[in-house]
Amino acid sequence: MTTSTRPQTAIDRAPGNWRPAFSRLLANRDLRLFLLVLPLLAFVVVTVVVPVAQFLYRAVDNDLLAENLPLTAASLASWAPDQGVPGEASFRALAHDIHNAREAGTLGQVAQALNQQITGVRNSFIKAALLVDEPDGVTPEELMQAIPALGETPLWALLQSAGSRWTDFYLLQSIDLERNAGGEIINVSADRAIFREIIWRTVVISVNVTLICILLSLPVAHVLANARAPWSNLLLALVLFPLWTSLLVRTVSWIIILQGEGPVNATLLFLGIVDEPLRLVYTRGSLYIAMVQVLLPLMILSILSVLLKLPKELLRAATSLGANWWQGYWRVLLPLLSPGILTGSAIVFVFALGYYITPTLIGGPRDQMLSSYVAQFTNKTLNWGLAGALAVQLMALLLIAGLGWAAFRKLQGARR
Amino acid sequence: MFFWPNLRRRLALLHTAVILAFLLAPLVIMVPISLTSGTMLTLPVPGWSLQWYEVIFTDSRWTVALINSLIVGVAATAIATALGTLAAIGLTWGRFPGQQTMLAIISLPLVLPIVILGVACFSFYASVGLIGSRLSLILAHAGLAAPVVVTTVMASLKGFDRNLMRAGASLGAGPFLCFRRILVPLVAPGIMTGALIAFLVSFDEVVIASFITTAEQRTLPRQIFSGVRESISPAIAAAAIVLVVISGVLLALTSIVQRRARLQRGTAR
């Protein structure tokens with residue numbers, strides 16, 4: 001594209017042109033150009049990459065427990081759940097840790113973090129804090145009275161996990177797995193298994209939206225490609241216009257259009273097709289309508305950009321050689337269009353995976369996608385570990401989609 | 001007689017018309033609703049009135065939101081355009097190791113699910129004590145909009161003849177003078193387009209805003225968003241129209257800028 005050596009200018013060759021070391025370094029053209037990229041790179045790393053990495057790290061972060069329960073974890077170093085409830089030393093260590101955490105003002109956070117993994121222990125730990133003014137004087141019985149869960153091994157296993165700075169609890173939980181008493185990874189019981197269904201739902205919705213977009217786009221792209229001068233510009237502008245208007249506005253519009261008193265129901269009632277308003281909004285159907293409306297222009301543009309480069313006589317050539325229209329389209333035109341379809345699909349699929357506003361506003365409770373749960377666990381239950389783990393799952397889906405797209409591209413390149 | 005190719009063409013035309021109606025319906029429907037004299041978001045409207053536009057431009061909640069949106073949009077655009085243009089020049093002309101990786105890192109906000117970025121910003125700006133300040137939203141939006149500027153400017157740099165810079169240098173102009181007097185004027189349409197789109201990105205953004213702003217810094221989309229959840233009133237439709245009109249005006253400006261650039265290049269030849 002460009003040559004890497006700059007031709008010497010008159011100034012460079014001027015006699016006695018002494019440059020200090022730094023300037024000589026700057027005389028390297030590529031280094032100078034790199035310094036132009038640096039400010040934005042640094043900016044994006046600080047405002048995007050670091051915050052996102054920190055958030056994703058929360059999925060495995062166990063620092064809070066590791067820093068606040070060191071004595072307990074140390075006392076449990078050689079303990080295993082099949083040994084039953086540990087001895088008095090561990091109780092005393094726990095009393096000390098609770099005392100220290102209370103003094104440091106972190107007990108509330110610790111209790112909250114423990115509560116994410118064993119529901120109901122938050123209040124017990126707050127109650128126990130009142131007992132531990134004299135940590136050495138607390139008997140195991142007194143502590144167990146405040147924290148009944150200490151009579152069983154799961155809480156001790158959790159306390160033992162404070163020995164590590166990392167935990168796999170949230171990552172496992174985000175795909176409906178957990179560790180049993182023996183430390184083996186098992187499926188959680190069916191009544192608590194919700195996340196695999198959510199991940200699957202996110203994928204299914206995104207795939208369906210992509211397929212619908214492909215089917216609806218193809219004829220439109222052909223009409224746009226074949227339209228003549230003033231019309232083609234007008235049509236293109238009409239396709240582009242929604243792309244530049246607020247996603248939020250468009251979603252709100254669909255709520256108005258599809259709601260009980262909305263124009264769609266009014267028309268159906270007027271025509272006598274239905275007797276009472278249909279429930280159209282807050283359903284999977286309304287989610288598909290809104291998402292396709294938002295993402296369709298991207299697919300149309302991707303296909304159109306490839307179609308415009310193809311000679312218009314392809315189909316006629318195919319039919320003149322004896323193919324019928326369908327064969328010509330399926331065997332000749334569609335393979336040539338596939339790069340555009342593929343690029344469009346990648347864009348639509350990746351955008352769809354991360355959808356948040358539209359499902360939140362127009363979907364029912366059973367139509368929420370991964371993003372909504374990431375937001376929910378952050379905003380409502382303050383379960384940062386689980387929110388981070390679900391974000392990791394979402395990123396993994398994106399990565400798979402990206403790798404799949406790259407592999408397809410390579411395959412296509414190889415075939416040619 | 002029935003002629004198949006013709007039928008197919010007509011079906012395709014009909015399909016296109018339906019799809020265009022489908023694409024534009026949500027925008028068109030907002031116009032009558034914003035002009036309703038009633039208090040419900042329903043059609044047909046009971047009568048016509050400008051009362052909801054009056055609400056938008058007089059009720060302090062909406063005016064504050066509009067002003068915040070403009071401030072955040074302009075500031076984020078300024079940062080994104082300045083940093084984005086420089087980076088685009090470096091990435092287009094430079095040859096250094098890790099270039100593709102750098103472009104990928106800079107483009108990250110384009111593919112990152114917005115909720116992940118929103119939550120990440122919330123936790124990050126909370127930890128540095130910037131949460132609930134306008135500055136945090138400006139920085140977040142600038143990061144989101146910068147890749148758009150980079151892409152646009154890189155595209156317009158592809159058509160720039162670098163011999164012009166060499167000619168400038170051979171006539172004794174330093175790099176900065178060459179940049180200001182040769183490069184910027186010729187690439188200006190690309191920079192303008194990038195800046196306008198960057199503004200639109202910030203002006204429409206709601207997810208990050210909903211995570212890191214409080215009531216005082218809420219932007220127009222944020223106000224619409226909470227309006228949808230809290231109290232559904234036709235003011236939302238009026239605000240939406242304002243949002244669409246501003247976007248439309250900016251979009252028209254972009255195409256005018258580009259057309260003028262094409263004409264100028266045409267006369268220069």
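Values as computed for the structure displayed
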read-out: Inter-label distance for A:ASP133 and B:GLN100, nm, one decimal - labels placed 7 Å from Cα along Cα-to-Cβ; value: 6.8
read-out: Accessible surface of A:TYR373 - all protein chains present, 1.4 Å probe, nearest 10 Å²; value: 30
read-out: Stretch gain in nm, segment A:LEU269-A:VAL207, where the contour uses 0.36 nm per residue and the Cα spacing is subtracted; value: 19.0 nm
read-out: With all protein chains modelled, accessible area of B:SER107 [1.4 Å, Å²]; value: 40
read-out: Relative contact order %, region A:197-370, counting alpha carbon pairs below 8 Å whose residues are six or more apart; value: 36
read-out: Centroid-to-centroid separation of region A:131-199 and region B:105-168 [C-alpha atoms, Å]; value: 41
read-out: Under 23 Å from the Cα of A:LYS410 - lysines, other chains or at least 8 residues apart; value: A:LYS309
read-out: Sequence of A:ASP168, B:ASP204 when ordered by accessible area, the most exposed leading, probe 1.4 angstrom; value: A:ASP168, B:ASP204
read-out: Over region B:28-87, equivalent-ellipsoid semi-axes from the Cα gyration tensor in Å; value: 36, 14, 7
read-out: Where region A:257-307 is the region considered: accessible area per residue in Å², 1.4 Å probe; value: 44
read-out: Largest-first principal axis extents, alpha carbons of region A:197-370, Å; value: 55, 40, 31
read-out: Euclidean distance of C-alpha centroids, region A:310-346 and region B:188-257, integer Å; value: 40
read-out: Test item: B:23-36 mean partner chain Cβ contacts at 10 Å; value: 5
read-out: Value at 222 nm in deg cm²/dmol, rounded to 500, when DSSP H runs of n ≥ 4 in the protein assembly as shown each add -39,500 (n - 2.57); value: -22500 deg cm²/dmol
read-out: Förster radius 22 Å - calculated FRET efficiency between A:VAL188 and A:ALA396 (Cβ-Cβ, nearest 0.05); value: 0.70
read-out: Highest to lowest packing among B:118-128, A:67-77, A:147-157, scored as the average C-beta count within 10 Å; value: B:118-128, A:67-77, A:147-157
read-out: Percent RCO, i.e. relative contact order, over region B:63-268, from Cα pairs under 8 Å lying at least 6 residues apart; value: 33
read-out: Cα centroid separation - region A:47-83 against region A:212-237, whole Å; value: 55
read-out: Cβ-Cβ FRET estimate between A:LEU234 and A:ASN180, R0 fixed at 51 Å, reported to 0.05; value: 0.20
read-out: Region A:122-244, Rg to Rh (Cα coordinates; Rh as Kirkwood inverse mean 1/r); value: 1.41
read-out: Of all accessible heavy-atom area on chain A, the percent that carbon and sulfur account for (1.4 Å); value: 63
read-out: Inter-chain Cβ neighbour average for residues B:97-104, partner chain, 10 Å; value: 2
read-out: Binned Cα-Cα distances of the protein assembly as shown, short to long, each 20 Å bin given as a whole percent; value: 15, 41, 32, 12, 1, 0
read-out: Inter-chain Cβ neighbour average for residues B:239-248, partner chain, 10 Å; value: 3
read-out: Ratio of the Cα radius of gyration of region B:35-149 to 2.2 N^0.38 Å, where N counts its residues; value: 1.52
read-out: Relative packing of peptides B:57-66, A:286-295 - highest average C-beta neighbours within 10 Å first; value: A:286-295, B:57-66
read-out: Solvent exposure ordering (accessible area, 1.4 Å, most first) of B:GLU205, B:GLU54; value: B:GLU54, B:GLU205
read-out: Where B:LEU144, B:LEU86 fall by accessible area, highest first, once all protein chains stay in place (1.4 Å); value: B:LEU86, B:LEU144
read-out: Region A:63-164: relative contact order in percent, alpha carbon pairs under 8 Å with at least 6 residues between; value: 40
read-out: Counting all C-alpha pairs of region B:63-268, share separated by more than 29 Å (%); value: 34
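The values are calculated or read from the model by the stated rules, or taken from the named source; none is laboratory data. What you see is a predicted model; the values in this text were computed from it and never measured. Every residue, glycine as well, gets a Cβ built from its backbone with ideal geometry; the counts of neighbours run over all protein chains shown. In case anyone asks, the SASA skips ligands and DNA or RNA and just uses the protein heavy atoms, side chains included. Shrake-Rupley method; radii C 1.70, N 1.55, O 1.52, S 1.80 Å.
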